[in-house]
Amino acid sequence: MSMRRDTLRWNGWGRLGESAGLSREREHWLAGELSRRLRHPLSPPPPPVGIDQIRLPPTKLSTEIQAALRGACGDAGFSVSVLERVSHSFGRSLPDLLRLRRGDVPFAPDAVVFPASEGAVASVLRIAAEANLAVIPFGGGSSVVGGVEPRTLRGQAGALSLDTTRLDALVRIDRESMTATFQAGIDGPALEAALRSHGLMLGHCPQSFEYSTLGGWIATRSSGQSSSGYGAIEDMLVAVRVVSPEGVVRTLPAPRSATGPDLNHLVLGSEGSIGVIVEATLRVHEAPAVIEDRGMLLRSFADGAAVVRDATRAGVRLAVMRLSDASETALFEALRHDPARRFDVSAAALSLLRRMGYGDGRCALIYGVETASRREARQALREMLRIGRSRGGMPLGASPGRAWRRDRYRTPYLRDWLLDRGVAVDTFETAAPWSRIEGVRDSVVRGMQRAAEIHAGAGLAMSHVSHSYADGASLYFTLLYPLDPSNDLLQWESIKREVTEAIVAAGGTLSHHHGVGLDHLPWLTREKGALGLAALRSARATLDPRGLMNPGKLL
């Protein structure tokens, strides 16, 4: 089990001892810069409570049920400790962290189980059915939509968190078919390390890569930062095994089948509502010999979006394309500023570029290749450069791309640093066709800014294109606003509601890759339709007639 909770922050992001890596000078300068941009003084909230200050009610499980669960999972696979119960109470959304930092844990599992085999998973579900317990599948716990809270239905006797991270083995590699089969509790780094030892890779790298699992990627219909080159998780999934309360659902490892609707798509995005994903077969690739990233500056978001669209349609073999709008570009420029340097080369270069027409509306585009040869890499980068220049793009060389790849898993640590200084940061995402990309982006950014100013007095709204397709793209939004510690959850709920309404009103989907969970559930009927949801509920009822699996989420 590579993901041990005692090595992770129970009330924040990532591993103990890790941070955003800011020097004291940069922290001081950045805090002042954020206050200036928000036009609002920063007011640090009370410090987070310690784990020893949290008081949970005792488990409701009888000694007989506890003994049965220990029998199924072993002594090492069963826990009622405060640390494990608290660590499995929330994901890592903004409201999750707000509650954890002050020790407010209204829902905690009565126990955490760590089954180490498919048989053990089946035994846990059988025990849960006999005892009328809710079961919440839990991988890395990185959900940002309330997807892993241990809620129960009326009449249920308690809740179990079923942690899959002991199911972490590479089962087999089929070199001839270029597929690999894994147990579903394996995390991103362990999965890629296992493949790299065979000269292979998967290429699925969401920002939660270090702290999320294969089963979680499938359950939330995840998409990684290199989806331009490797596709999203639904493009990688060949076959899957799910243990439901009624038995095992499995699909065949065939490249394609016309035997009715694809059951893989019943599992993809199911968010633990039909059973526990225990195993999956995936399409894999030869590990790239060449990885190169570049940066480019565009005069406007419209120009940048056109470059991404044109490159996608032209079939340029890029692994990464990420276009930041002007606000996000400006924030990243601020994050790279080092006040300890007497002469800031980047600032001087940007001053020069401003005189060349790359002013306040300038947008940064990061793009990269992962290929088998330098020839292929040069060809793709050359074609991208041609497309970018046709839209007025200014090449920035390799430095911005290297910085992005170096820091892409470190950026989430900034959220804890911001919360310590009284600044909330939340994210929203959607997808829309190219014909509406600019309109959706403008509408949602305006809605974010307006909601933050009404409910927090100030805000800093920004966005980027994160994933692109021939017919459209995903838009990812980030909002910073001053935190009101006495009213933080209501503040968040009000902003979340208004921003989500702006997304729906603009014609975007509720989620491109975060999922539904609890947070998006109130809007799901408007997207899926009442009859569509009824069909999905019928499928769920077949596999889980007692409603044991992750109740209250998704459906």
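The values are calculated or read from the model by the stated rules, or taken from the named source; none is laboratory data. Every value quoted in this text rests on a predicted model; they were computed, and no experiment measured them. Every residue, glycine as well, gets a Cβ built from its backbone with ideal geometry; the counts of neighbours run over all protein chains shown.
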So which residues in the range 55-99 are of a type in the set (S, T, N, Q) and either touching a helix residue (DSSP H, G or I) at 6+ places or on another chain (Cβ under 6 Å) or loosely packed, with under 15 Cβ neighbours inside 10 Å (or both), if there are any at all?
Ser62, Thr63, Ser81, Ser87
For residues in the range 396-436 being out of contact with any strand residue (DSSP E or B) (no Cβ under 9 Å at 6 or more places or on another chain) and not in a helix (DSSP H, G or I), which is farthest from Ser226 (Cα to Cα)?
Arg421
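Condition first: more than 18 Å from the chain's Cα centre (by Cα) and over 20 Å from Asp303 (Cα atoms). Now tell me which residues in the range 422-445 satisfy that. Quick ask: steps written out before the conclusion?
Taking the range 422-445 and keeping what is more than 18 Å from the chain's Cα centre (by Cα), we get 422-423, 432-445.
Those that are more than 18 Å from the chain's Cα centre (by Cα) and over 20 Å from Asp303 (Cα atoms): Gly422, Val423.
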Select from the range 510-555 the residues that are hydroxyl-bearing (Ser, Thr, Tyr) and surrounded by fewer than 16 Cβ atoms within 10 Å (Cβ to Cβ) and list them in ascending order.
Thr525, Ser538, Thr542
Going through the range 6-27 one residue at a time, which ones are touching a residue at least 24 places away in the same chain (Cβ under 8 Å) and among the small types (Gly, Ala, Ser)?
Gly12, Gly14, Ser19, Ala20, Gly21, Ser23
Hey, Glu370 in a strand (DSSP E or B), outside the structural domain of Ser474 (by TED's automatic domain parsing), out of contact with any Leu (no Cβ under 8 Å at 6 or more places or on another chain) and at pLDDT 90 or above or not:
yes
Please find, among Ala348, Ala364, the residue that is among the small types (Gly, Ala, Ser), assigned to a helix (DSSP H, G or I) and assigned by TED's automatic domain parsing to the domain that holds Ser300.
Ala348
Condition first: touching a Pro at 6+ places or on another chain (Cβ under 7 Å), in a loop (DSSP other than H, G, I, E, B) and modelled with pLDDT of 95 or more. Can you find one or more residues in the range 451-469 that meet it?
yes
Across the range 243-269, which residue is surrounded by the fewest Cβ atoms within 10 Å (Cβ to Cβ) among those that are within 15 Å of Leu282 (Cβ to Cβ) and under 24 Å from the mean Cα position of the chain (by Cα)?
Asn264
Among strands (runs of 3 or more DSSP E) completely within the range 151-234, the ones holding 3 or more residues that are buried (at least 20 other Cβ atoms within 10 Å of the Cβ) are 158-163, 179-183
Residues being within 16 Å of Thr312 (Cβ to Cβ) and crowded, with 19+ Cβ neighbours inside 10 Å: count how many of those fall in the range 371-386.
3
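Select, from Leu518, Leu510, Leu555, the only residue that is closer than 22 Å to Gly91 by Cβ, part of a loop (DSSP other than H, G, I, E, B) and in contact with a His (Cβ under 6 Å, 6 or more places away or on another chain).
Numbers: Leu518 fails: in contact with a His (Cβ under 6 Å, 6 or more places away or on another chain); Leu555 fails: in contact with a His (Cβ under 6 Å, 6 or more places away or on another chain).
Criteria check complete, one pass: Leu510.
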Failed condition for Gly439, given (1) crowded, with 17+ Cβ neighbours inside 10 Å; (2) more than 16 Å from Gln225 (Cβ to Cβ):
(1)
Within the range 440-469, how many residues turn out to be of a type in the set (A, V, I, L, M, F, W, C) and in contact with a Gly (Cβ under 9 Å, 6 or more places away or on another chain)?
7
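Are there any strands (runs of 3 or more DSSP E) wholly within the range 261-336 with 1 or more residues that are more than 21 Å from Met356 (Cα to Cα) and either among the basic types (Lys, Arg) or without any contact (Cβ under 8 Å) to a residue 24 or more places away in the chain (or both), and if so which?
Working: elements: 276-283, 290-298, 320-324.
The strands (runs of 3 or more DSSP E) meeting that bar are 276-283, 320-324.
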